[in-house]
Structures are given as structure tokens and as C-alpha cells.
Amino acid sequence: VIERNERWAANPPVAAHGMLFVAPQDASGLLAIDAVRGTLAWWAPREDDRYFASVEFGRVFLVGAQVQALDALTGKRLWASALPAKAAGRPALCQGRLYVPLETQLVAVQTGDGTLTACRLWQPNEEPGNLTATDRALFVAARDRLYALADWATTQEALAARRKEKPDDPLAPLTPAP
């Protein structure tokens with residue numbers, strides 16, 4: 001019997017760079033399948049990784065007690081960075097940063113070199129969960145709630161601009177900016 005934390009989490013396959021990247025829950029590693037030939041291009045051991053985060057800028061990201069970047073075409077390890085604790089939910093990749101939820105905090109890792117660039121402690125009404133990132137906010141799907149983390153000053157400025165443009169429209173704050 002494979003313990004839950006000793007295998008991959010449910011990770012969706014990702015197609016990128018002419019490859020299909022797959023991390024089946026019971027597999028001992030990440031599979032990179034050549035999308036044209038349908039053959040195994042390379043395989044990387046799971047080690048203590050739990051999440052196959054995604055692919056960005058030719059790099060594949062695996063997350064567990066560390067974050068590691070692999071070359072998408074060869075599987076060669078480009079860098080690995082230890083995390084302060086194991087990931088507590090699905091990471092999210094956005095604009096050169098990999099956001100990783102830990103039990104007590106949220107960390108951001110630069111995808112170019114693995115440098116830990118930001119840290120945010122969870123507030124009393126927050127908890128770790130699976131992440132999704134957009135260019136405007138980071139969404140956390142926790143056990144019993146969904147919440148968004150955004151730069152409040154930028155959000156306030158955008159809302160003020162929309163209210164100024166359409167002062168009588170009650171839906172202005174709820175619609176995307178033009």
C-alpha cells in the first residue's frame with residue numbers, strides 16, 4: 001500500500017514543447033512523452049515531490065519539500081531549492097514566480113534560479129489550499145472556502161477608476177477593467 005503523502009497528488013497532464021508531461025499517482029516519477037512519436041522522451045524520479053506544478057519558459061517544476069526545475073526537453077535538473085516545509089497544496093505558476101502554499105505560510109520562488117523571493121504568513125481566517133494564479137490575484141481553494149490574495153492598493157485604485165468612469169453603475173466594481 002502506498003501512503004497518500006508518498007505518491008503524487010492528482011496532477012493534470014500538461015502539453016508543452018512538443019511533449020506531454022504526466023505524473024500518474026502511482027508512478028515513481030514524472031514521464032515526458034514525445035507528442036509526435038508517442039514514445040517516452042525522458043523520465044525523472046519523484047524523490048519526495050508531490051506536485052507537478054507545470055511548465056514555463058522551457059522548465060518543468062516539481063514541488064514537495066523542495067522545488068526543482070527540470071529542462072523540459074531533456075529532464076536534466078537545472079536547479080533545486082529547499083523549502084522551509086513541505087508543500088501543503090497545489091502550487092501556482094505566474095509570470096516567473098512559483099507560488100507554493102506551506103502549512104503556515106505562502107512562499108514565492110523565482111522560476112529562473114529558485115531564489116525564494118517572498119513570504120506571507122497565513123492570517124487567522126486563512127488556511128493553505130490549492131492555488132490558481134492570474135495576473136491580478138492569487139486564488140486559494142481551501143477546505144471550506146475560496147479566497148483571493150491581491151495587492152490591495154492596486155485593487156482600490158482600479159475600483160476607484162471604474163467608479164469614476166461609471167458612477168451610477170452598481171456593477172462597475174464587479175466587472176473587469178477595460
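The values are calculated or read from the model by the stated rules, or taken from the named source; none is laboratory data. Please read these numbers as outputs of a predicted model, since none were measured by experiment. So basically every Cβ, Gly included, is an ideal-geometry build from the backbone, and we count neighbours across all protein chains shown. Calculation scope for accessible area: heavy atoms of the full protein, side chains included, ligands and nucleic acids excluded. Shrake-Rupley method; radii C 1.70, N 1.55, O 1.52, S 1.80 Å.
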For region 6-32, how many residues meet the condition of being among the aliphatic types (A, V, I, L, M), under 18 Å from Trp42 (Cα atoms) and open to solvent by less than 50 Å² (accessible area, probe 1.4 Å)? 9
Restricting region 74-91 to residues that are closer than 22 Å to Arg120 by Cα and of a type in the set (A, V, I, L, M), the one surrounded by the most Cβ atoms within 10 Å (Cβ to Cβ) turns out to be Ala87
Quickly run through region 45-73 and pick out the residues that are open to solvent by 10 Å² or more (accessible area, probe 1.4 Å) and either over 16 Å from Pro12 (Cα atoms) or among the small types (Gly, Ala, Ser) (or both). Pro45, Glu47, Asp48, Ala53, Ser54, Phe57, Gly58, Arg59, Ala65, Gln66, Asp71, Leu73
Taking first residues from region 45-68 that are of a type in the set (Ser, Thr, Tyr) and second residues anywhere that are buried (at least 20 other Cβ atoms within 10 Å of the Cβ) and not in a strand (DSSP E or B), the pairs with Cβ under 6 Å that are 6 or more apart or on different chains are Tyr51/Arg90; Tyr51/Pro91
Tell me, which residue of region 33-44 that is closer than 18 Å to Thr74 by Cβ and surrounded by fewer than 13 Cβ atoms within 10 Å (Cβ to Cβ) is farthest from the chain's Cα centre (by Cα)? Arg37
Among the residues of region 118-127, the number that are part of a strand (DSSP E or B) and surrounded by fewer than 13 Cβ atoms within 10 Å (Cβ to Cβ) is 3
Any chance region 78-100 includes a residue that's over 24 Å from Gly129 (Cα atoms) and modelled with pLDDT of 95 or more? yes
Answer yes or no: is there a residue in region 24-35 that is of a type in the set (Asp, Glu) and at pLDDT 95 or above. yes
Somewhere in region 103-113, is a residue closer than 20 Å to Ala41 by Cα, among the acidic types (Asp, Glu) and more than 11 Å from the chain's Cα centre (by Cα)? no
Near pairs, Cβ below 6 angstrom, 6+ apart or cross-chain, from region 95-112 (part of a loop (DSSP other than H, G, I, E, B)) to any residue that is buried (at least 22 other Cβ atoms within 10 Å of the Cβ): Gly96/Thr111; Thr111/Leu98
Would you confirm whether any residue within region 22-43 is part of a strand (DSSP E or B) and within 17 Å of Leu138 (Cβ to Cβ)? no
